[in-house]
1. Can you find a residue that is of a type in the set (D, E), open to solvent by less than 30 Å² (accessible area, probe 1.4 Å), in a helix (DSSP H, G or I) and at negative phi anywhere in the stretch B:137-155?
2. What are the pairs, 6+ residues apart or on separate chains, where a residue within the stretch A:16-37 that is within 9 Å of chain B (Cβ to nearest Cβ) has its Cβ under 8 Å from a residue that is aromatic (F, W, Y) and open to solvent by less than 30 Å² (accessible area, probe 1.4 Å)?
3. (1) surrounded by fewer than 22 Cβ atoms within 10 Å (Cβ to Cβ); (2) in contact (Cβ under 8 Å) with a residue 60 or more places away in the chain; (3) acidic (D, E): which one isn't true of B:E331, the others all being true?
4. Can you tell me how many residues in the stretch A:151-179 are facing another protein chain (nearest Cβ under 10 Å) and either in contact with a helix residue (DSSP H, G or I) (Cβ under 6 Å, 6 or more places away or on another chain) or surrounded by 23 or more Cβ atoms within 10 Å (Cβ to Cβ) (or both)?
5. Can you work out which of the residues in the stretch A:11-25 that are surrounded by fewer than 16 Cβ atoms within 10 Å (Cβ to Cβ) and not aliphatic (A, V, I, L, M) is farthest from the chain's Cα centre (by Cα)?
6. Taking helices (runs of 4 or more DSSP H) that fall entirely within the stretch B:340-399, which contain at least 2 residues that are within 17 Å of the chain's Cα centre (by Cα), within 13 Å of chain A (Cβ to nearest Cβ) and at negative phi?
7. Identify all residues within the stretch B:269-299 that are assigned to a helix (DSSP H, G or I) and open to solvent by less than 10 Å² (accessible area, probe 1.4 Å); write none if there are none.
8. Look at A:E111 and say whether it is within 14 Å of the chain's Cα centre (by Cα) and either at the interface with chain B (Cβ under 9 Å from one of its Cβ atoms) or under 20 Å from B:P362 (Cα atoms) (or both).
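The values are calculated or read from the model by the stated rules, or taken from the named source; none is laboratory data. All values reported here derive from a predicted model rather than from experimental measurement. When we count neighbours, we look across all protein chains shown, and the Cβ atoms used for this are built from the backbone with ideal geometry, even at glycine. Note: areas computed on protein heavy atoms with side chains; ligands, DNA, RNA excluded. Shrake-Rupley method; radii C 1.70, N 1.55, O 1.52, S 1.80 Å.
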Amino acid sequence: MESIEQIKLRIEQAIPGVILEIIANGSPGNPASIRVDPEHALAVARFLKDDGQLRLDYASNVTGVDWPDKVAQQTVKVLKMVDGVEKEFDAKVETREPGFLEAVYHLYSMELKHGPLVLRMRTGDRAGQTHLPSLTPLYRSADFQEREIYDLYGIIFDGHPDLRRLLMWEGFEDHPMRKDYAEPDDYEFEPTAHNQVLAKARRHYPPKASNG
Amino acid sequence: MADIGMESAVGISAAGDGAGPGYRLLAKESPEEEGRFLEISMGPQHPSTHGVFRMDVLLDGETVVRLKPVFGYLHRNHEKIAEGTTYLGSMPYTDRLDYFNSMTNNWAYALAVEKLAGISVPERAEYIRVITAEMTRLQNHATLMGFLLQDLGAMGTPLMYAFREREKILDLFEAVSGSRMMCNYMRFGGCRVDLPSGWLEETVRLVDEFPGFLDEFEALLAENEILMARLQGVGVLSAALAVNAGVTGPMLRASGVNYDIRKVDHYGIYDRFKFRVPLGAHGDCYDRLMLRLLEMRESIKILKQALKQIPSGPVIDPKVKIRNFKPKPGEAYGRIEGPKWELGFYLMSDGSASPYRYRVRPPSLINLTVLEDLCIGQKVADVVVILGSVDIVLGEVDR
């Protein structure tokens, strides 16, 4: 397969207005990845799939990654007037880098037997702007995997034919794979008819004082 | 190309297409169609679903019109657990993914970590990995064929024939790892312990005897009239759809696509062995069954070569840290050709002792993408057979 820089150049030539960025990989011997802006992602994927030299017809692995807001504290020297004398104080300044959710696609070619090309997309933030375009219209293999990302990370894939929760149940509200997910301590408790029986029994047999 | 089999041939719209609860298979029946369709729920305790798996099936008479698989009964968020533990801490947990093939699960995870951290594997360990992986393939395929025949109604006997052979292999796994199914045998940079004395001789004997079982099984199956009537032309998967839907493993090759990761990636030392990749011509259930028989014969070829060539030496790279193992920040995707499919692990490190992102590519789940396409237009009794020929393990589907 061509180098990732060449692929980036060719995509930029083929699709005007596309914004691409090569994300380096710190692990030696492993491929870097290309970040695509969500507006052009479907066009880029179609180009990669139909291009004669690439023919990336097989989306092997589709997954999400959560990057929470980064809060960095820095200590800054601040000058303050105390009793008419200028003194230096330490002050803490918080810098906040907004987090985002990421969808990662590993594309291979079954026809030409090469790969992978790693494609990434990022959402605007983690709360309101969690929409990304779905690649399921191009790759059926993304169908269940995008549903899983929607379920566990909360990325909403526009254009997905059947976006429902995959593993968690209907009516479950949170997204368990997010880094800040806190497990509720009682979600397995469900009032059943048996609880009524127990409550009734307690009236007739008051619990004895615990003796260990 | 864009919408291969996306909608069923019959023009029924499902309620709640899109996000949100309240999904129902059949939205509303028009008055003239009232009573035409029957919606049944197969599973999650149905014995043919090989675990806790449910299918919502819409029937017109006996013909399947729509089918939606429902997952999550065995979900324990394996990935989240792995992100909270050390790299090595997830190794025994990978056994529980596809509990038939714990050796290959171990290998896939070890391979991903080795790629991430740039660890090399000693020669002898590579051979041990190939030998155990191919033995896993033998027992998986044998058991699958037994289960598929059981789904067809051949209660007991063929499955017990397969289990008899599987037990011999599991005995050898127990001798090498201490456990029949949950082997937890491989480590980053090699294997946990060396083979016990006499193990290789036992394995050579097993490999020599195994073709006898295959011949027996083949005589039982090939050109069996009932089998051909029930399997041929049932659940046909086209090559284009198989590639597009990311179907891998024997199911893909039964549709005639030549893609075997042992040949494509040459991971481990697979480039040293001579073997062929069997391909199917029709992509139906019969091809899927018979392809596994052929794959077992190829596995035996690999095993014979590996058992002859295996050198002596260390089984684990002594430079690899077992404790306080912290790879450099980066990411890696390692994949192997498991007995059932392409099993991949996607790991992201942030330099700490536990992975920042740990992802299992669940091939059982992805192969089920096409289940609806295979079943539409077939009889409800064939749904069981088609699901059996896909060969899933729910421990991996739900993770």
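1. Checking the stretch B:137-155: not a single residue is of a type in the set (D, E), open to solvent by less than 30 Å² (accessible area, probe 1.4 Å), in a helix (DSSP H, G or I) and at negative phi.
2. Qualifying pairs under 8 Å: A:N30/B:Y333.
3. (1)
4. The number of residues fulfilling the criteria is 11.
5. Among residues in the stretch A:11-25 that are surrounded by fewer than 16 Cβ atoms within 10 Å (Cβ to Cβ) and not aliphatic (A, V, I, L, M), the one farthest from the chain's Cα centre (by Cα) is A:Q13.
6. B:363-367, B:394-398
7. Of everything in the stretch B:269-299, those that are assigned to a helix (DSSP H, G or I) and open to solvent by less than 10 Å² (accessible area, probe 1.4 Å) turn out to be B:Y270, B:C285, B:R288, B:L289, B:L291, B:R292, B:L293, B:E295, B:M296, B:S299.
8. No.
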